[in-house]
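To start, the structure itself, in structure tokens.
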Amino acid sequence: MVFDNPHLRELDDHLSQWLLRLRARDALSMAVRGLAAGLAAGLGLALIARLTPLQPVQTLILFAVMLALTGLLTALAIGFFWPRPRLAAARYFDRVFGLAERTSTALELAARPDLAPDWLRDQQWADAAASARGVQPERGLPLWTVPLRELLLTALVLAGLVASLVLPNPQQAVLAQRQAVQQAVAEQTQAIEDLIRRIEADPALTDEQKEALTQPLEEAQQRLREPDLSEEEALQALAEAQQEIRELQDPNAEAQAQSLQQAGEALSQNPATADAGEALANGDFQQAADELAGLDPSQLSEAERQALADQLDQAAGQLEAGNPATAEQLREAAEALRRGDAQAADEALDRAAQSIAEAGQQAAQSEAAGQASSQVARAQRAIGQAGQSGQGPQGQQGQQGQEGQGGAQGQGQQGQGQQGQGGGGAGRGEGEGQSQGGQAGGQMPQGNGPGDGGERVYEPIYAPYRVGGSGGPDVNLPEQGNGDPGDDVVGQGPTNPQDPGAVTVPYNEVFGGYRDSAYSAVDQGDYPPELRDVVKDYFSSLEP
């Protein structure tokens, strides 16, 4: 549409200004509604996050801000850029400004000049331009027309969103626990990777031994890298790997290695076997085997053979308990040397060298398996402790309940409070252990009463000592901790004289020693994974 009439061009300029003002008004109105919609979406997300663990509160705040800005900007753009035909807008302005359809008629005549003669069109356009010139847009078309109810609704949604994000959310503890577990799993996965590299670089291990040691570690590492891995699944994967690794440990390998090192001291005293003996004493079993296999008895004099036979007998005696097969082979070599049979002595020495090499490889595998098992156990503890970090007051309440239960027993286990010190002393401690145990058993439930949340101020545990003191009836100790004859008494109370009176021993000073001793015992012993988990969970629940 080409406007060659000055009145029509003036009217079109006014129409463009009014249309821009209309777009701004609609954009502001839509922006408030879009902001309310975005805040409502953020509120819904925050409410869902209070029912199920979704994201940390910082991420929820970021999502809420993004949703609010998205709603605001989207609605703002829709309100401003929504298509508006000029003729329809002119009719709207005629109604709003009371122009009696002058603007819309002028546009219709401009589009269809044949509808009226030229003189009538010119007069109509001049009249429409004059009417538009007197319009006050800020009165008929204000920019801010948002109803109060929409503002109140937006403010209400915003307040609800802020409250849902600021108030404590129980799901955040779950998320913190998961994050701690994931971080611990990632760290232990890298630790296992480093362990695999060390095993593969160990020159004392054969390729078969390296494969046997690294296979369960690689399988556990692969499972630890699975997405959405739970704490229980991670611990189960590590427990299975540890069980397979422990099967590679030989309980006799360490004793055999020690006996070989002791035998090396005897062999090092003879010039013919000095190198082999020094290698044995230093734990280099492969070098010792090579030196012993390379010994040629035929090159020795009769006196040297007899001296060597004596040294071989002495070494065989030291190997009798730890490595009887090698001891027998050394004796055969000694007897052959005394008979002057150099070939038989050489064959016996070769067999002994082979046995030493095999024992060294077995010792190396057992040592590597022990180190790998310890590393896996440390990984289990790290992941388990990370899982316990998100329990909060509930875990403390369970801990105090278990302490109270342990105090009520009064005797038996040393780790239940401090009653074991009173119960395992110098003959009169059992009666005191029962008395103090009853007292602790009566006090602990008070800390877990309704309304206190399971938290209370720490109270040192009273642990009396009878040694060097006075009072209390004499009690005969049974032959075993449980009172059955023939059993062993486990543990021993303090034997240093103590001053009479009360002695306070804070619980947090003795807990670490009991826990570390228990962890070390179950990690180094041949216990099933279920029992190890029970012991570790028990001490984790007692963490001060």
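The values are calculated or read from the model by the stated rules, or taken from the named source; none is laboratory data. It should be emphasised that the depicted structure is a prediction, and the values quoted were computed from it without experimental measurement. Because the Cβ atoms are built from the backbone with ideal geometry, glycine has one as well, and the counts that use them run over all protein chains shown.
Odds and ends about this structure:
- Test: residue in the stretch 293-303 that is of a type in the set (Gly, Ala, Ser), out of contact with any Leu (no Cβ under 6 Å at 6 or more places or on another chain), modelled with pLDDT under 90 and surrounded by 19 or more Cβ atoms within 10 Å (Cβ to Cβ): no
- Search result, residues across the stretch 312-324 that are surrounded by 23 or more Cβ atoms within 10 Å (Cβ to Cβ) and either farther than 13 Å from GLN261 by Cα or in contact with a Lys or Arg (Cβ under 9 Å, 6 or more places away or on another chain) (or both): LEU312, ALA316
- Yes/no for PHE80 being closer than 17 Å to ALA24 by Cα, in a helix (DSSP H, G or I), under 60 Å from the mean Cα position of the chain (by Cα) and touching a residue at least 40 places away in the same chain (Cβ under 8 Å): yes
- Residue check for ARG378: in a helix (DSSP H, G or I), surrounded by fewer than 20 Cβ atoms within 10 Å (Cβ to Cβ), basic (Lys, Arg) and at pLDDT 85 or above: yes
- Hey, SER104 closer than 19 Å to SER131 by Cα and among the small types (Gly, Ala, Ser) or not: yes
- Qualifying residue in the stretch 92-107 (condition: under 24 Å from ASN5 (Cβ atoms), part of a helix (DSSP H, G or I), in contact with a Lys or Arg (Cβ under 8 Å, 6 or more places away or on another chain) and small (Gly, Ala, Ser)): yes
- Only one of ALA90, ALA40, ALA36 that is in the same structural domain as SER104 (by TED's automatic domain parsing), more than 24 Å from PRO142 (Cβ to Cβ), aliphatic (A, V, I, L, M) and crowded, with 18+ Cβ neighbours inside 10 Å: ALA40
- Whenever a residue of the stretch 189-210 is surrounded by fewer than 16 Cβ atoms within 10 Å (Cβ to Cβ), its partners that are among the basic types (Lys, Arg), lying with C-beta atoms within less than 6 angstrom and at least six residues away or across chains, give the pairs GLU200/LYS210.
Each row is one residue, and each column tells you yes or no for (1) of a type outside the set (Gly, Ala, Ser); (2) within 45 Å of the chain's Cα centre (by Cα).
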{"residue": "ALA315", "(1), (2)": "no, no"}
{"residue": "ALA325", "(1), (2)": "no, no"}
{"residue": "GLU328", "(1), (2)": "yes, no"}
{"residue": "ALA352", "(1), (2)": "no, no"}
{"residue": "ILE356", "(1), (2)": "yes, yes"}
{"residue": "SER366", "(1), (2)": "no, yes"}
{"residue": "ALA369", "(1), (2)": "no, yes"}
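- Odd one out for ALA274, checked against (1) surrounded by fewer than 22 Cβ atoms within 10 Å (Cβ to Cβ); (2) touching a residue at least 12 places away in the same chain (Cβ under 8 Å); (3) aliphatic (A, V, I, L, M); (4) within 20 Å of ALA357 (Cα to Cα): (2)
- Near pairs, Cβ below 6 angstrom, 6+ apart or cross-chain, from the stretch 103-120 (modelled with pLDDT of 90 or more) to any residue that is aromatic (Phe, Trp, Tyr): THR103/PHE93; ALA106/TRP125
- Scope the stretch 1-57; condition touching a residue at least 12 places away in the same chain (Cβ under 8 Å), charged (D, E, K, R) and under 30 Å from ARG121 (Cβ atoms); matching residues: GLU10, ARG21, ARG23
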